[in-house]
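Okay, structure first, notes after.
The values are calculated or read from the model by the stated rules, or taken from the named source; none is laboratory data. Remember, predicted model here, so these are calculated numbers, not experimental data. Reconstructed Cβ throughout: ideal geometry from the backbone, glycine too, with neighbour counts over all protein chains shown. Please note that ligands, DNA and RNA were not included when accessible areas were found on the heavy atoms of the full protein model with its side chains. Shrake-Rupley method; radii C 1.70, N 1.55, O 1.52, S 1.80 Å.
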Amino acid sequence: MAQPDYQDAFQIASPIAEQSIVETYVAIFGHMPAAFKSLIYLRNALVAPFGVAGPSRQDLSEPIDTKKHYAVGEQIGRWNIVGISDDEIVTGLDDVHLNFRVSVKRILEQGVSCVTLTTAVVTHNVLGRAYLATILPFHRFGVARLLSNAARAGRL
């Protein structure tokens, strides 16, 4: 991936150190609040005329199989796997307007197990930059909320 036009990282302590990286990924992205799903459906309707595809209602409601052995090139949830190891899974999508990657990584930092969720975006044109600028406030709030919800529910 080229130098990102946008990148962020959010980290949270996780007492559940024995989770697989797929279980950790699902703990975050497999439990999306209804309000988030509604925002995604609205986003899909608004950007479809510009050739930006989005996840279907089925994509957002299908449970993710945590027992499956996933490999690069396969889809997990609504995104494609571009890298996977015991401690990190990187997913994303590429389209004409932008490419993005989402990394979920488990690390041990000063004896504490942590989960770091990183997003990187490369824009390709004006529509990609406009889209990124529009969704960033929702993205920042949403990512932080997904992590805190997972921790509060005891999934991380």
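Structure summary
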{"quantity": "Check on Arg155, touching a residue at least 60 places away in the same chain (Cβ under 8 Å), under 16 Å from Met32 (Cβ atoms) and of a type in the set (Lys, Arg)", "calculated": "yes"}
{"quantity": "The lone exception for Val47 - which of (1) modelled with pLDDT of 90 or more; (2) open to solvent by less than 60 Å² (accessible area, probe 1.4 Å); (3) under 16 Å from Tyr131 (Cβ atoms); (4) not basic (Lys, Arg) it fails", "calculated": "(1)"}
{"quantity": "Residue match in region 129-137 (condition: small (Gly, Ala, Ser), at negative phi, part of a loop (DSSP other than H, G, I, E, B) and out of contact with any strand residue (DSSP E or B) (no Cβ under 7 Å at 6 or more places or on another chain))", "calculated": "no"}
{"quantity": "Any hit, region 64-81, residues being modelled with pLDDT of 90 or more, aliphatic (A, V, I, L, M) and crowded, with 16+ Cβ neighbours inside 10 Å", "calculated": "yes"}
{"quantity": "Selected residue [touching a strand residue (DSSP E or B) at 6+ places or on another chain (Cβ under 9 Å), open to solvent by less than 40 Å² (accessible area, probe 1.4 Å), under 23 Å from Ala35 (Cα atoms) and not polar (S, T, N, Q)] from Leu117, Leu98", "calculated": "Leu117"}
{"quantity": "Yes/no for Leu132 being open to solvent by less than 40 Å² (accessible area, probe 1.4 Å) and closer than 25 Å to Gln19 by Cβ", "calculated": "no"}
{"quantity": "Residue tally, condition charged (D, E, K, R), farther than 19 Å from His31 by Cβ and without any contact (Cβ under 8 Å) to a residue 60 or more places away in the chain, over region 68-100", "calculated": "3"}
{"quantity": "Qualifying residues in region 101-114 (those that are at pLDDT 95 or above and either open to solvent by 30 Å² or more (accessible area, probe 1.4 Å) or among the β-branched types (Val, Ile, Thr) (or both)) - the one farthest from Thr24 (Cα to Cα)", "calculated": "Arg101"}
{"quantity": "Extreme residue, farthest from Asp65 (Cα to Cα), among residues of region 79-109 that are among the charged types (D, E, K, R) and over 12 Å from the mean Cα position of the chain (by Cα)", "calculated": "Glu109"}
{"quantity": "Test: residue in region 16-30 that is within 21 Å of Ile135 (Cα to Cα), modelled with pLDDT of 75 or more, open to solvent by 50 Å² or more (accessible area, probe 1.4 Å) and aromatic (Phe, Trp, Tyr)", "calculated": "no"}
